[in-house]
Structures are given as structure tokens and as C-alpha cells.
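Written out below as C-alpha cells is the structure these notes cover.
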Amino acid sequence: MRTFFPSDSCKESQLNAINPQSWLQVERGKLSKLSSSRTNSSSIESFIKVPEPPILPFFKPIDYVEVLAQIHEEMESCSPQERSTLYLLQFQIFRGLGETKLMRRSLRSAWQRAGTVHEKLVFAAWLRYEKQGEELIADLLATCNKCAEEFGPVDVSQLQVEVNGCSKETVVMNGDKSLKNVNFKIGDEIIVCDRQKIASLSAPFHAMLNGYFTESSSQDIDLSENNISPLGMRTIGEFSIRGSLSEVHPDLLLEILVFSNKFCCERLKDACDRKLASLVCTKDDAVEFMEYAIEQNSPVLAASCLQVFLHELPDCLNDEWVVEIFSHADRQQRSIMVGRASFSLYCLLSEVAMNLDPRSNKTVCFLEQLIESAETDREKLLAFHQLGCVRLLRKEYDEAEGLFEKAVSLGHVYSIAGLARLGYIKGHKLCSYEKLSSVISSVNPLGWMYQERSLYCEGDKRSEDLEKATELDPTLTYPYMYRAASLMMKQNVQAALAEINRVLGFKLALECMELRFCLYLAIEDYKAAIRDVQAILTLSPDYRMFEGRVAASHLRTLVREHVGSWTTADCWMQLYDRWSSVDDIGSLSVIYQMLESGGAKGVLYFRQSLLLLRLNCPDAAMRSLELARRHASSEHERLVYEGWILYDTGHCEEGLRKAEESIKISRSFEAFFLKAYALADSSLDSSCSSTVISLLENALKCPSDNLRKGQALNNLGSVLVDCGKLDSAADCYINALKIRHTRAHQGLARVHFLKNDKATAYVEMTKLIEKAKNNVSAYEKRSEYCDRDLTKADLEMVTRIDPLRVYPYRYRAAVLMDSRKEKEAIAELSRAIAFKADLHLLHLRAAFHEHVGDVLAALRDCRAALSVDPNHQEMLELHSRVNSHEP
């Protein structure tokens, strides 16, 4: 989901409306003291609230690896028409895991392998919807004479429709063989047609003109009561001779379409269908024509209308007529409109509707259609669960309960969380606790189970469940937030901050940033509070706090009154200090303030984008890059930002071309830096290293600040190391350190290591750890420069700081395997695989399973890994080898 799916708090009625003005009085230089909150936990509780975790509308199987493997196995033997649906289910699993890149790849695969026009149309629209806001990339590629990969429009004329027309060779059974023509009378007009050509249009006409009806021996036939105009009949006569329709007004085409349906003229109907389909251009056209398409069973016209609707997602769902069409289509109408892709269509429409407003009636209608479209058990359980989540949000508790029960009966254990939440709402807290306890005792437990059960107990039991939830799935944010808030209620400020910082160290979740902002307010640390709210606004400019009731920008205005102002020089000094100490959040906040003060906005937005990439926020980084382009002060600066936009979206060669265009206009640091960066990435030829070195040296000769020059020196050192020029590389790193580019310690450590001075390398990395605020990667790198015990300690620290990094799990598992502790090694990998779908973890576990002779487990992991990366060569080889041993 693009937007936050709000929780339905069990205690919503107890929540007091939050008015920040009541506790944050704006008086220049003075803030209402929260001294009472230091002694009264209820005052803190009035604005430090942790909402209950929502029941997510996702497919969350107990063992996602097993389900991915099953889907992969089915793909190996299924028909081409079934493949895209399997990729859609794969997409749903990755969505439940929060794996955005894998989700998009599954959607792309569904589009690429679509077996029908309808599937191609739906998945093209879905990919377009996912790529909203990326129109600039297509425009930039066009300036490089390259077309962006398009996901439409689909040529609906390729839609194959079975046409059962009458043979052109007609046999006169009882008619007058001397009659060559037939005169159709319509009102006062006579339309002369070729009798046998008309007879060949359909079986009814053949029977009428050549069979045992009175008309078979009549020259004149009156068609005045058949809703066809003289011009329409004339056009039909021409079609019977030529086999094609000339340019005809849409109203006349519709008239002929109805007539052809009445008289079963399949070829004529198909021609009208296709001709009308080519005339659908706007949403209003589509609304008008879709009604005819459904009434007259015209699938090509319906597909054309559908394509127009989907091309205008999400805006078209604000049109009540469009929503009406999608909401009330019955099985036959869905078949006309979207063929066999009904489930895929309503998956898309439901997702878009939930992103717009999960509580809306149209969301309910689309999910009801999804249920009707579902065929397999996996499709049905997803549809039941999603509608259950929406009914829960709408407080339609009885309906939600029935839907969750159906999902559970089909094997979706996660829906038990929905049943437990409903039980608690109805006052059956103990029953809810027992439901979760039963699940935990009957399956291999997952983090969400303990998190959900914690809601239905108190005291030590709740704390134990939340600790277990974090142990099993450290990506769950609720346990950290609850613990931090609880510690704050106990006046344990530093412990509360330490707890929320645990999760923010590896997952920049806005709700966690918001909570930390509130904690800082409670202790009147306004400098820290302003830092966090400015970072929040950088990540999400429209973010609203306190369950959506207050704009973050408004809170920033209130807090800003109580923080001293900085001059431009102060801002640059602050940025330099934070950048040097690898304090990315602090740097973001300073840049936000600098942007508000004016200055070179293009440069500042560009710096902002670099920080956001380091923080693994690619969407926000791209938004900042686009803003940098918009605020560029010159053409050559704009070309550099365009080059980075192209490079960051995978168009390396085009990014390189933009850098070259910029250099032709002006030799600037950023243009040379971009060219060096793109060239190093796009060329596999080692001989290009000398060119990259030359480009970085040219960059360093151009004016720039020390922040960027330090980065260039660091990159230059890296290239020199790859070329074996260790002394020159060391000089670069030392020069970078002189201007406080702290990350150069890592490069210098590598030089020492390559010179066989492991101890000095270790010391160098220790300096980086001590200086850097974000130092998890430094611990991981230092682990390579010490003995096994110290390595183990460093990697344990890495896992503690950032449990999503996979190398420590792999290292520990390998050590255990070397010690012949196979079960422990596999368990170490399984610990991480439970919450992270990672190719390397699955690959290693598959190899371990193969080593111990568990062929089926190895094959399962191979298939799941190939779902993550279907083209990984080593994985393909292992899969082939294991598959040959399958019993």
C-alpha cells in the first residue's frame, strides 16, 4: 500500500483529541513548562500515544518460503495463460513481506508473460500506477533519443473473438433462385441488396432468404420494425459485399451493432465491435460505450473502454459512473469486460481504492467483486482477508468476523489476528489471548503472533511477548514504540530514547520519528525535536501527526519559536559537522532549514538527495533530485541533475551523456564527478580506470566545497586501490581525512590490509566507529580485520544495530557449519529468513540442506530463491543439481 493503513484502536473511544496549542504555548522565547509531565505520567500520556498495530490487508502465509516454492513449481508446468496469475500471487507474498523491489519485479513479470490481451492491459495499468510521478524520466530519455519502457497502450484489436458466421457459399433450399436481389423496405425507402450476400451474413438471414419462410420467395421485405435506419441497412449491404466497414458515424455503428446482434451476424458484429473500439478516446467515451459493449456482448469495445479507465487511475475512481460500472458487473459482464483477468483487475482496483480511502463504499464493492472473481483457495483467502480488514475499519464487526473466519478456514492463519482483535472489541480479551496462544503452540511462531497477543495481556506477560516479537521479527515497529512510551511513563527518559533509537538505527519509520519527536518535547529538548520534525518533513512534506489530526509543518512552526536562529554561515558549519560525523538525520534537518532560508536551492536539494539515498529512501531521494533540477541556477547544473536522475533509475549510459553535455558547457566539479561515477559503473573494461582517475582529478581542480571534495578523494582512492596503486590511494584517503571526510578511514583501512598490516587496518576502522554516528557498516567492515572472536563480537554488534544486514547471519552460519553444527547453522539462517526474503540467505541454506542430504528442503529453498532472483546463475546451477536428485 502506498499510504498508511490506519489501525482501528480498541480503545479509540478513550482517546482524547490532541490540541498541540494546549501544551505548546507559542510565546517568543518561552514555552509552557512540562514540569508537571515529569511527575505526572498521565500528562505525558496525553500526547505520547502508541496506536495499536493495524491488521494489514496482506497475504501473510506462515511459511512464505514454502508458498513461494510452490508457486515456482507450478510455474514450471502451468499453461502460459496461468502464469501471470501466479506472478500476481508472488507479488502479494512480497507485499506482505514489505519487499517493494521484488513486488515490482513480480508485477513486471506478470505483464511480460501475460497470456491474454486483458492480462496485458491490467498489468500494464498496474505498473503505470506504481510508477506515478516518473513521467520526467521518460521526458529525459526522449532528449537522449531513447524511449522509456512503456506499459501501454495495448492494441486491443489483437483480442481474439470467436466468430461463427454463416458460410459465404449459400445453398438455396426453398427460395426463388431467379431472385438475385432483395429489396428491404424501411419506412418510405427501399434499399436494394445482394440476396445471397445478405444471406451469408448469418444463419437467420440465410433461413429467411433461402429457407422455408415466406420471405424466401419475396422480392420485397419490410424491415421497418427492426430498429434499423435506411442508412444503416445500406451500410450493412455494402459490408455484405466488401467484407469491411467504411468510415461510419459512431451512432450508426451502434445501431448496426444492435441489429447484427439481433440477427446473429457475427462477422458484422465483430467489425462493428472493432471499429467502435478504435473510436474510444476519452473517459466520457468509455463510460458511454461500455454500456453498449456489455449489453451487446462486444469484448473488443469493452477492452478498449477498460483501457481508457485504467489509464486514468487513480483519478477515474472519482467518477461515480466508472465506479458504478466496476462495482455492479455480474459474472457475465465481467467476462465481457476483462475476460479471464477478472481477479487481477479487481486486485488492482481494490489496491487503488484502499490507497484512496480504505473505508469507502467503492473499496467494499471492489473487494466484493474480488471475492466473486476468486477461483483458487489462495485467491479466495486473500479476498476474504482484505474485505475483513476493511469491514473492521468500518466497524462492521459481524461482517468482518465472518470474512476472517472464511480466510482462516482456507488456511490464512494471519486472519486469526483479525478475529482476536474483534474478540477484544467485543469484550472477550481472554478469548483473544487464548486464540493467539493456540496458534503459537501449533505452528512455527512468527513475530506478529507475539505482537498481537501482547495486546491482550498486561505487565510482565506483555513485555515478554513484545521482546519475543522483536526477537522473531525485528522489523515490527510497535514493540519498540510501546517499550519507549512505557519507559517514558516511568520517567526513564534516556532508556525511552535508547529504545526508539534502536529501530531508527535501521528503519526510518515515520511513526517512530514522530514518537521520538514527542519524547524530546516532553523533556523540552527543542533542538532535537526540531531536528526530527524537519527530517520528517523532508521524507514526507504532507505528514500529519497525532493520528492525522495535526500537520507536522504546524508543529514545526510552534517548536521553531523556541530554537535559536542560525545564519547562513552557521548552517554550513552545522552541516559540515553533521556530515563529517555521518549524522544523516541531523544533516537532513540542517538542509531543510537552509532551504527555508533561501540560497542555492538546486545544490541543497541535490545534497538532500544524497543523504536520502544513504538512508535507503529512494522515492524521497528522487523527489529531491527533481526539485534540484527545477531549481538549478544554470543549464550545465541542470544537466548534471538530469544525469543523476537517469543514472539512479538504471539509465547509466544516458546519465553519462548528460554529464558530457554539461562539461561541454562548463567544466564543473559535479559534471566531472558524475561522468567518473557513471563511467566506472557502465564499463566492465579495466582500462577505463585511467579515464575515471583523470576525470576525478579534473573534478578536484574545479571549485567545490570540502564535503564534495572529500567524496571525490575517497572515490579516487578506491579506483587507485583497484589499480594496485596503494601509496597513491593512501595519499587520497589521508587528504580526505584532513578535510574531515570521515568515511575515508574505511578506504585507508583497506590499504593497510592489502599491505598485510591487519592490525593497523583494525585501528583505522575503530577510528571510524568512534567518529561516525551511523557506524553499523564500519563494524561490519572491521570484522574482516581481526581474529574470529573479535569478528564474532563485531558482527553481533552489527545485528544488534541493524538486524536486516544479512552478512553476519551468513558468517555465523558458515562458522557453525565448519564446526559440524549443521542444525545450528541452518537455524541461524532461518532466523533471518523468517523476516527477510534474501537470495544469499536462501542460497546458503539450500546448500546446507543439500550437504546434509535433505533434498526436498534444498529444492524448496532453491525455488524460493529463484522467485527472488530468477536469473541468478549459481542458484540456477544448484537448483538443477538438486532437482536431479529429487526422489
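Whenever a residue of the stretch 666-688 is open to solvent by 30 Å² or more (accessible area, probe 1.4 Å), its partners that are not in a helix (DSSP H, G or I), lying with C-beta atoms within less than 9 angstrom and at least six residues away or across chains, give the pairs 666/634; 667/702; 670/702; 670/704; 686/723.
Hey, any hits in the stretch 274-289 for a residue that's outside any helix (DSSP H, G or I), surrounded by 16 or more Cβ atoms within 10 Å (Cβ to Cβ) and not aliphatic (A, V, I, L, M)? No: the stretch 274-289 contains no residue that is outside any helix (DSSP H, G or I), surrounded by 16 or more Cβ atoms within 10 Å (Cβ to Cβ) and not aliphatic (A, V, I, L, M).
Note on the stretch 421-443: among residues that are farther than 19 Å from residue 468 by Cα and under 30 Å from the mean Cα position of the chain (by Cα), the one that is surrounded by the most Cβ atoms within 10 Å (Cβ to Cβ) is 421.
Within the stretch 554-590, the set of residues being exposed (fewer than 15 other Cβ atoms within 10 Å of the Cβ) and either small (Gly, Ala, Ser) or closer than 21 Å to residue 621 by Cβ (or both) comprises 564, 565, 569.
In this structure, residue 456 does not satisfy being within 26 Å of residue 368 (Cβ to Cβ), among the aromatic types (Phe, Trp, Tyr) and in contact with a helix residue (DSSP H, G or I) (Cβ under 8 Å, 6 or more places away or on another chain).
For first residues located in the stretch 763-778 and closer than 16 Å to residue 740 by Cβ, partners that are open to solvent by 20 Å² or more (accessible area, probe 1.4 Å) and hydroxyl-bearing (Ser, Thr, Tyr) and lie 6+ apart or on another chain with Cβ distances below 6 Å form the pairs 773/581.
Just wondering, is there one or more residues in the stretch 328-336 that are of a type in the set (Asp, Glu) and either under 30 Å from residue 442 (Cα atoms) or part of a helix (DSSP H, G or I) (or both)?
Within the stretch 328-336, not a single residue is of a type in the set (Asp, Glu) and either under 30 Å from residue 442 (Cα atoms) or part of a helix (DSSP H, G or I) (or both).
Summed over the stretch 782-809, the residues that are part of a helix (DSSP H, G or I), buried (at least 20 other Cβ atoms within 10 Å of the Cβ) and not aromatic (Phe, Trp, Tyr) give a count of 7. Within this structure, residue 216 fails the test of being at pLDDT below 90 and in a loop (DSSP other than H, G, I, E, B). In this structure, is residue 697 surrounded by fewer than 16 Cβ atoms within 10 Å (Cβ to Cβ) and not β-branched (Val, Ile, Thr)? For residue 697, the condition - surrounded by fewer than 16 Cβ atoms within 10 Å (Cβ to Cβ) and not β-branched (Val, Ile, Thr) - is met.
Which condition number in (1) in a helix (DSSP H, G or I); (2) of a type outside the set (Ser, Thr, Tyr); (3) surrounded by fewer than 16 Cβ atoms within 10 Å (Cβ to Cβ); (4) over 30 Å from the mean Cα position of the chain (by Cα) is the one that residue 874 fails? Result: residue 874 passes all but (4). Within the stretch 374-412, take every residue that is of a type in the set (Val, Ile, Thr) and without any contact (Cβ under 8 Å) to a residue 12 or more places away in the chain and give me the one that is farthest from residue 432 (Cα to Cα). This residue is 376. Against the test of being open to solvent by 10 Å² or more (accessible area, probe 1.4 Å) and out of contact with any helix residue (DSSP H, G or I) (no Cβ under 8 Å at 6 or more places or on another chain), the options 473, 525 yield a single qualifying residue, 525. Residues that are small (Gly, Ala, Ser) and either part of a helix (DSSP H, G or I) or touching an Asp or Glu at 6+ places or on another chain (Cβ under 6 Å) (or both) occur in the stretch 640-649; there is at least one.
This table checks each residue for (1) farther than 17 Å from residue 296 by Cβ; (2) among the charged types (D, E, K, R).
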site	(1), (2)
222	yes, yes
232	no, no
237	yes, no
243	yes, no
246	yes, no
252	no, no
260	no, no
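Candidates 628, 621, 632: the one that is modelled with pLDDT of 95 or more and not in a helix (DSSP H, G or I) is 632.
Can you confirm whether the stretch 633-641 contains a residue that is farther than 29 Å from residue 728 by Cα and within 26 Å of the chain's Cα centre (by Cα)? Yes. Of the residues making up the stretch 100-121, not one is modelled with pLDDT of 95 or more and in a loop (DSSP other than H, G, I, E, B).
Taking the criterion of being without any contact (Cβ under 8 Å) to a residue 40 or more places away in the chain, closer than 17 Å to residue 242 by Cβ and open to solvent by 40 Å² or more (accessible area, probe 1.4 Å), the only residue of the stretch 193-229 that qualifies is 196.
Considering only residues of the stretch 847-870 that are out of contact with any Leu (no Cβ under 6 Å at 6 or more places or on another chain) and not in a helix (DSSP H, G or I), which is surrounded by the most Cβ atoms within 10 Å (Cβ to Cβ)? Ranking the qualifying residues of the stretch 847-870, first place goes to 854.
Residue check: residue 95 meets all listed conditions (1) open to solvent by 20 Å² or more (accessible area, probe 1.4 Å); (2) of a type in the set (D, E, K, R); (3) assigned to a helix (DSSP H, G or I) but one, namely (1). Within the stretch 733-758, the residues that satisfy the criterion of being touching a residue at least 12 places away in the same chain (Cβ under 8 Å) and either of a type in the set (Gly, Ala, Ser) or over 23 Å from residue 577 (Cβ atoms) (or both) are 736, 744, 747, 749, 750, 751, 752, 753, 754, 755, 758. Within the stretch 298-350, the set of residues being of a type in the set (Phe, Trp, Tyr) and either open to solvent by less than 30 Å² (accessible area, probe 1.4 Å) or modelled with pLDDT under 95 (or both) comprises 309, 326, 343, 346. Scanning the stretch 136-164 for residues that are at pLDDT below 80, charged (D, E, K, R) and either surrounded by fewer than 14 Cβ atoms within 10 Å (Cβ to Cβ) or within 15 Å of residue 305 (Cβ to Cβ) (or both) yields a count of 3.
The values are calculated or read from the model by the stated rules, or taken from the named source; none is laboratory data. Bear in mind the structure is a predicted one, so any value in this text is a computation, not a measurement. Cβ atoms come from the backbone with ideal geometry, glycine included; neighbour counts cover every protein chain shown. Accessible surface areas use protein heavy atoms only, side chains included; no ligands, DNA or RNA. Shrake-Rupley method; radii C 1.70, N 1.55, O 1.52, S 1.80 Å.
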